[in-house]
Structure formats: C-alpha cells, structure tokens
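The values are calculated or read from the model by the stated rules, or taken from the named source; none is laboratory data. Because the structure is predicted, anything quoted here is derived from the model rather than measured. For neighbour counting, all protein chains shown are included, and Cβ atoms are generated from backbone atoms with ideal geometry for every residue, glycine included.
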Amino acid sequence: MRFYRSHRQPISGTHRLAVELVFGILSGVLQVAGYLYYANKARKRELEPNSTSWIMWGYGTSLLLVIELDSGATAAMLILPTACALSSIAVGFICWQHNTLRWPKETWERTSLYTDLMLTAMYAGTWVLLGTSLLSDTQKEAADIAILVLVNLSTFVTFIPMLINTWREPRNENPWPWTVWTAAYLALGLTTVSSPEWKWYLLMYPVECMLLHAAVAWISRRHVLADAQRIEVQQPMKRVIAGPSRINGRGVFAGEDINAGERIRHVEGTIISHINTSKEESLSNPDWIGIGHNRWIDPAGTFKFLNHSCGPNVGAVTIAADTMVIIAMKDIEKGDELTLDYSTTECDPHWEMACTCGSVRCRKIVRSIFTLPIEQYEGYLPYVPKYFQAVYERENANKRIDGSVTPPLCEERKAGASTPRSSG
Ligand SMILES: [Zn+2]
C-alpha cells in the first residue's frame, strides 16, 4: 500500500471532474433502479407502501435539492436528489390508487411535514431579506447552510415513521430496493468527495441517507431471513420437478424417493379470498387449491402443475392459517407423478370437472368434497385439510339424519342449486 501511494500520480482537476461525473451518474442510475423495482412491486400489490410518506419524502427532497443547488452543489451531486424527488412523488401517486392519501395522523409524520413547511418558509424568507438588502451575501450563505442542516435533521425525522412501520410490519417492505438505494447514496458520497468543490455540509445528505436506507434494508432483511428459517424448520423440502404429464399438460414429479406420510413441500403462492357466484367463475381458476372458507392458494411454484387423480398419491393438509403442506399418502418413487384428489380441497357446489385419470376408482366427473364416496374419503384421512373434513363430516351427519345430501354451507351459494353425487 505504501509502495502504491508513493508512486501514485496526483489526480488532475479534469480527472476529478470525470470521476465525480461517473459517480454522480451511477448514483442517479442506482436511485432510479431502486424506484423502478419498488414501483413495480407496489403496482403488483406485493408491497403496501404509505402514499403520504412517499409524497412527503418527495417534497422534503425537492426542498433539499433547491437549497443544495443554492449552496454550491455541482450538477453531478444533484442527479440523485433530482431522480429521488421525481421518483418518490411518482411512487406516492402510484400507491395513492391503492390506499387513500390522508393527512398525516402520526406525531412523527406531522412533525416532519410541519418542519418541512417551516423550513420552506425560512428559505423563502432568506431570499426576501436578501432582496431587501437586510441580509448580506455572506449572511445568506450562512443562513442557507443552517437551513440545510435543519433540512437534514428533518429528513431524519421523516424517516422515523418509516423505521417504526418497517419494524412493526416488515413484510410491507422489501430489502432489495433499500439495498440498491444505500448503494446509490454511497455513490453520491463518493461523487461529493471527488468533487473539487466539496464542502462538509454537502456530505450530510448522502451519509445520513446511506445509514437510514441501510437500516430499513437491514430491518426488512432480518425478517426475510427469519421467515426463511421458519419455513425451513417446517419444510423438509423434498425435491419436486415439473414436467410433461400423461394425465394432462404438465405435472409435478418426485425428484427423489418419498415415504408415505412424509411432508413434501409447502404450497407457496398468493392467498385468494373470493366468493364464486357462478359455475363459470368456479371453473375459471383450475390451479387454485382450496384451503378454507372461500379461501384458496394460487400456487406460485411447481404445484401450479399438480394434477388430479381419483387414485392420488399425495394429500394436502393445512398446518396453520393459510399454510398448506403436500404430504405423501403412499410410498412414491423418484420420477412418479404426484397427484392430488382435487375433491379433497374443494367445497364449491358449482365446481365440477370431467376426469380421465385412468385410475380404477375414477369417478369420471369430479365434484366437491361432499360428493366423495365415504370409503374413498376415509381412505384419504388424515390427509384432508381440516376445514374440508369439517364440511364432509357435517354433510355425512345430515345424510345420516334424513338419508339425503344437503348442500354444504361452505360459501354464499344460490339457494336451490342441485348437488348431484358422482357415481364413484
Ligand atoms: Zn378420475
């Protein structure tokens, strides 16, 4: 290192400008990349950001941008705050479509809004005083630096609700954009120190924002890690592979030998709460797997391709609210197709499906759980989700009383719909 230093050429002014510009552009690109990722997640409703916070953040950054410009920040140093102000206002408006823009309720939010408005008034005041010659140029400069310090303090205050909310609801935030933004502020810090015009007060903003963004990334990341650990404890991850199926289209195949009773995998995906009101609706989402009262999982992974069979080798159980695990009901050899009896996870009276599974027990037309022949149902136990077991037991009790099948009340169904039994 000493050797390197002693031979290093002094960096010329032009070089420094080039380095400053490269870091400045990098900071802007990273900033926008973080926002694009964030806005896309918010648009898909995978994140529920607070629109009020984002618009306030955009306002605070715009104020800072103007004062930094006035305090001698170079163009390279202003790329990031410009990108940040425009993007956060855009994100605020995207989120506004999902949750209403409200007047800040929480003390921290209000404090930060009032502080920003007060600082805007103070800054406007310095121009008025300069115009009326009550303030000299040097005094105006000193006032700008003082306001810049206060704006940075206000940025910290603005961040407090974000830190609190992320701590309370870590799933509302995703660590990746925050990590990218941390890198963007690091690049801005490097832009600032590589500039020949750098001043200590221009370094406050990148350093502070880098630490604050890193804190949000760390808080939300901690929970992602905790979730992954929790799932791993519950999930003995058997290998499953999607591939072409003889039953229908693509199917799920065992990637290793699995013993009867072993947990194969969690069904991961989006939880859907929905009331089907017509047969068309009931048939429109064949991939959904029922988990409870008007609740389904729309599988995100391989289980999207899990085919039905009237002689299945896997069952589904719910081990916690909205948490479903696929379990082997028989010994399964590597390469075997995994099949589930769809009737065990469905109680929508509108739902039915023609079946050509080829099993000796094929029911030809497959309908909801209450249509399962009792011996077939009992053969599946305990690998039927608790909710559907309850529906089946209730219908059996009804059958025992009056000898007929009463339609289950597992959804808000239209009165009078018939519930034909399959031939079994
Ligand atoms: Zn069948």
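Out of curiosity, is Ala90 in the same structural domain as Pro177 (by TED's automatic domain parsing) and at pLDDT 90 or above?
no
Condition check: in contact (Cβ under 8 Å) with a residue 60 or more places away in the chain, within 16 Å of the ligand (Cβ to nearest atom) and in the same structural domain as Ile271 (by TED's automatic domain parsing). Does Cys362 satisfy that?
Answer is no for this residue.
From the set of residues in region 330-359 that are surrounded by 21 or more Cβ atoms within 10 Å (Cβ to Cβ) and away from the ligand (no atom under 16 Å from the Cβ), which is nearest to Pro385 (Cα to Cα)?
The qualifying residue nearest to Pro385 (Cα to Cα) is Cys347.
Filtering region 327-352 down to residues that are among the hydrophobic types (A, V, I, L, M, F, W, C) and modelled with pLDDT of 90 or more, which residue is nearest to Leu283 (Cα to Cα)?
Leu340
Before we move on, is Gly92 within 25 Å of the chain's Cα centre (by Cα), in contact (Cβ under 8 Å) with a residue 12 or more places away in the chain and part of a helix (DSSP H, G or I)?
Against the criterion (within 25 Å of the chain's Cα centre (by Cα), in contact (Cβ under 8 Å) with a residue 12 or more places away in the chain and part of a helix (DSSP H, G or I)), Gly92 qualifies.
Given the conditions (1) small (Gly, Ala, Ser); (2) touching a residue at least 40 places away in the same chain (Cβ under 8 Å); (3) surrounded by fewer than 17 Cβ atoms within 10 Å (Cβ to Cβ); (4) closer than 19 Å to Met204 by Cβ, which single one is not true for Ser112?
(3)
I'm checking my understanding of the structure. Among residues of region 250-294 that are β-branched (Val, Ile, Thr) and under 23 Å from the mean Cα position of the chain (by Cα), which one is farthest from Glu333 (Cα to Cα)?
If we take residues in region 250-294 being β-branched (Val, Ile, Thr) and under 23 Å from the mean Cα position of the chain (by Cα), then Ile272 is farthest from Glu333 (Cα to Cα).
Quick check on my filter: what residues within region 291-324 are under 15 Å from Tyr380 (Cα atoms) and surrounded by 17 or more Cβ atoms within 10 Å (Cβ to Cβ)?
The answer is His308, Ser309, Cys310, Pro312, Asn313, Val314, Gly315, Ala316, Val317, Thr318.
Taking the condition in contact with a Pro (Cβ under 8 Å, 6 or more places away or on another chain) and either more than 21 Å from Leu372 (Cα to Cα) or touching a residue at least 12 places away in the same chain (Cβ under 8 Å) (or both), does Ile291 pass?
yes
Tell me, yes or no, whether region 371-392 has at least one residue that is over 33 Å from the mean Cα position of the chain (by Cα), more than 10 Å from the ligand (Cβ to nearest atom), assigned to a strand (DSSP E or B) and surrounded by 15 or more Cβ atoms within 10 Å (Cβ to Cβ).
No, every residue in region 371-392 fails to be over 33 Å from the mean Cα position of the chain (by Cα), more than 10 Å from the ligand (Cβ to nearest atom), assigned to a strand (DSSP E or B) and surrounded by 15 or more Cβ atoms within 10 Å (Cβ to Cβ).
For region 287-317, what are the residues that are within 15 Å of the ligand (Cβ to nearest atom) and farther than 16 Å from Phe253 by Cα?
Cys310
Return the only residue of Gly261, Gly315, Gly249, Gly301 being modelled with pLDDT of 90 or more and not polar (S, T, N, Q).
Step by step, each of Gly261, Gly315, Gly249, Gly301 is checked, and only Gly315 is modelled with pLDDT of 90 or more and not polar (S, T, N, Q).
For residues that are surrounded by 13 or more Cβ atoms within 10 Å (Cβ to Cβ) and charged (D, E, K, R), scanning just region 83-109, find the one that is farthest from Leu36 (Cα to Cα).
So the residue we want is Glu106.
Return yes or no: is Thr61 touching a Cys at 6+ places or on another chain (Cβ under 8 Å), at pLDDT 85 or above and part of a helix (DSSP H, G or I)?
Judged against the criteria, Thr61 is a match.
Among the residues of region 319-355, what is the count of those that are among the polar types (S, T, N, Q) and free of Cβ contacts under 8 Å to residues at least 12 places away in the same chain?
Within region 319-355, residues that are among the polar types (S, T, N, Q) and free of Cβ contacts under 8 Å to residues at least 12 places away in the same chain number 0.
Let's see how each residue does on (1) under 17 Å from Asn152 (Cβ atoms); (2) among the aliphatic types (A, V, I, L, M):
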residue	(1), (2)
Arg16	no, no
Glu20	no, no
Leu26	no, yes
Arg43	no, no
Leu63	yes, yes
Leu69	yes, yes
Thr74	no, no
Ile79	no, yes
Ser87	no, no
